[in-house]
Amino acid sequence: TSKGTEFLAKAVFIAAGVGSFQSRTLKVPHIEQFEGKQLHYRVKNPEIFEGKNIVICGGGDSALDWCLNLVGKAESVVLVHRREGFRAAPASVSKMKELCDNWEMQFEVGQVTGFTEENGQMTEVKVTGADGVTRRIPAEHLLVFFGLQPKLGPIADWGLTLERKQIVVDTARFETNIPGVFAVGDINIYPGKKKLILSGFHECALAAFAASEYVYPEKRVLLQYTTTSPKLHKVLGVETPHFD
């Protein structure tokens, strides 16, 4: 794992959905050096923004909520969004515009296209507007809320056969190109694939039977039914019906 933990397993099931959701990042050359220090894609400790010059990017609820939350606590709050329209709740947008009218915060239409650095610290961001003019805004912290996107993450480096960022499996066992590694649910792909929960259960059942060959190679696995199996009735806590 990412912490160095190792697991010994005879079979592995990958049920990763559409992948791991990660923040959409700001596409400005070399700005990643400030990530976790002055560039933030999520807020862990709001107290670090108190008394600071804050620039917030985005047009959704997260961006607007943090604008409203930090006004009066930060030294300055500037919201940057690429257009006049917002995806956030109308009440939040109205409140933001009211604060701008009262000069308690500022809203700029444009996109962050650069930054100014002094002694390894970001001091300003450069915002280019629709008019082509680039303005320099003081920024000790830059908060970016561009939403989330799914990514495969480390799965992409496991040597699995992929197609359109999905794992290729067979339809008899739902096994990948690596023996003992199975993929079920939205993460896999095969001819006729339907992304339904019902299909996922079907895939899991066949993969489980296939995996048992690795885990219990000498054991024969029999099909059991909830209508007739005393063993399943015991597990489910129901009484086995008796037929005359």
The range 160-177, residues that are aliphatic (A, V, I, L, M) and more than 26 Å from the chain's Cα centre (by Cα): ALA172
Being assigned by TED's automatic domain parsing to the domain that holds LEU70, of a type in the set (S, T, N, Q) and in contact (Cβ under 8 Å) with a residue 12 or more places away in the chain narrows it down to one of THR176, THR128, THR171, THR161, so name that one. THR128
Sort out which residues of the range 1-20 are surrounded by 12 or more Cβ atoms within 10 Å (Cβ to Cβ) and under 21 Å from the mean Cα position of the chain (by Cα), and write them in order of number. PHE13, ILE14, ALA15, ALA16, GLY17, VAL18, GLY19, SER20
In the list VAL235, VAL215, VAL221, VAL181, which residue meets the criterion of being in contact with a strand residue (DSSP E or B) (Cβ under 7 Å, 6 or more places away or on another chain) and either surrounded by 12 or more Cβ atoms within 10 Å (Cβ to Cβ) or not small (Gly, Ala, Ser) (or both)? VAL181
Output for the range 76-105, where each listed residue is in contact (Cβ under 8 Å) with a residue 12 or more places away in the chain and among the acidic types (Asp, Glu): GLU84, GLU104
So, in the range 44-59, how many residues would count as being surrounded by fewer than 17 Cβ atoms within 10 Å (Cβ to Cβ) and touching a Ser or Thr at 6+ places or on another chain (Cβ under 9 Å)? 0
Across the range 120-146, which residue is surrounded by the fewest Cβ atoms within 10 Å (Cβ to Cβ) among those that are among the hydrophobic types (A, V, I, L, M, F, W, C) and more than 15 Å from CYS57 (Cβ to Cβ)? VAL133
In the range 107-119, residue surrounded by the fewest Cβ atoms within 10 Å (Cβ to Cβ) [restricted to those that are without any contact (Cβ under 8 Å) to a residue 60 or more places away in the chain and on the phi < 0 side of the Ramachandran plot]: GLU118
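The values are calculated or read from the model by the stated rules, or taken from the named source; none is laboratory data. As the structure is a computational prediction, the values presented were derived from the model and not from experiment. Neighbour counts run over all protein chains shown; Cβ positions are idealised from the backbone, glycine included.
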